[in-house]
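Participant: Before anything else, here's the structure in question.
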């Protein structure tokens, strides 16, 4: 059973009702939208880190993670909802992303706090990708795309995370706050591209159904 009426038949039905005004994004468009949109979201999501470090030093690690989570989820729908095909994408994206990103964050935090350092980062990103991929596959009824989605989320997320971490490390002494935000930008660029791929692949069957419905209506 799919979630939030995001199964292929429900998506196709909404597109059919909306008519020709609905644009079906290509893979390239989805990747670009995901990369740009999630970069904006991620910079905001990383912002509590330097803010808490400078002005709210009494807060603990879990409180910082919760603040970051709220920022990620709060801006996600505004920047990324058009990754979902058809009308009504905004509320559905918020519901889906809140669940998927919370699952990702929970898996990441557990592995990070258990392992720390490079092992924690690698394990956290991998566990998070699996958790998020499972939620997306469930929501779109796209289990045949599960491992492809997990691979995209993991590889591009980890690449962005590592590049951002290296940049932040070089700026840690003289420009620490800037380094943190650049880490967020690199993380967002990589993870966002992975999200664009994931949403595109998860809606493959929906595009097939939409195409068949269009052919039927024209014949």
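The values are calculated or read from the model by the stated rules, or taken from the named source; none is laboratory data. Keep in mind it's a predicted model, so treat the numbers as computed, not measured. FYI the Cβ positions are ideal-geometry reconstructions off the backbone, even for glycines, and counts take in every protein chain you see.
Participant: Can you say whether residue 147 is out of contact with any helix residue (DSSP H, G or I) (no Cβ under 7 Å at 6 or more places or on another chain), part of a helix (DSSP H, G or I), touching a residue at least 40 places away in the same chain (Cβ under 8 Å) and surrounded by fewer than 21 Cβ atoms within 10 Å (Cβ to Cβ), as far as the supplied structure shows?
Facilitator: no
Participant: Okay, moving on. What number goes with the only condition from (1) farther than 21 Å from residue 120 by Cα; (2) assigned to a helix (DSSP H, G or I) that residue 173 does not pass?
Facilitator: Evaluating residue 173 over (1) farther than 21 Å from residue 120 by Cα; (2) assigned to a helix (DSSP H, G or I) leaves (2) as the failure.
Participant: For the stretch 46-99: of the residues being outside any helix (DSSP H, G or I), over 14 Å from the mean Cα position of the chain (by Cα) and touching a residue at least 40 places away in the same chain (Cβ under 8 Å), which is farthest from residue 133 (Cα to Cα)?
Facilitator: Among those that are outside any helix (DSSP H, G or I), over 14 Å from the mean Cα position of the chain (by Cα) and touching a residue at least 40 places away in the same chain (Cβ under 8 Å), it is 47.
Participant: Something else: Evaluate the stretch 112-128: report whether one residue or more is under 18 Å from residue 4 (Cα atoms) and either modelled with pLDDT under 95 or surrounded by 21 or more Cβ atoms within 10 Å (Cβ to Cβ) (or both).
Facilitator: Looking for residues that are under 18 Å from residue 4 (Cα atoms) and either modelled with pLDDT under 95 or surrounded by 21 or more Cβ atoms within 10 Å (Cβ to Cβ) (or both), one finds none in the stretch 112-128, hence no.
Participant: Kindly indicate whether residue 158 is touching a helix residue (DSSP H, G or I) at 6+ places or on another chain (Cβ under 9 Å), in a helix (DSSP H, G or I) and buried (at least 22 other Cβ atoms within 10 Å of the Cβ).
Facilitator: no
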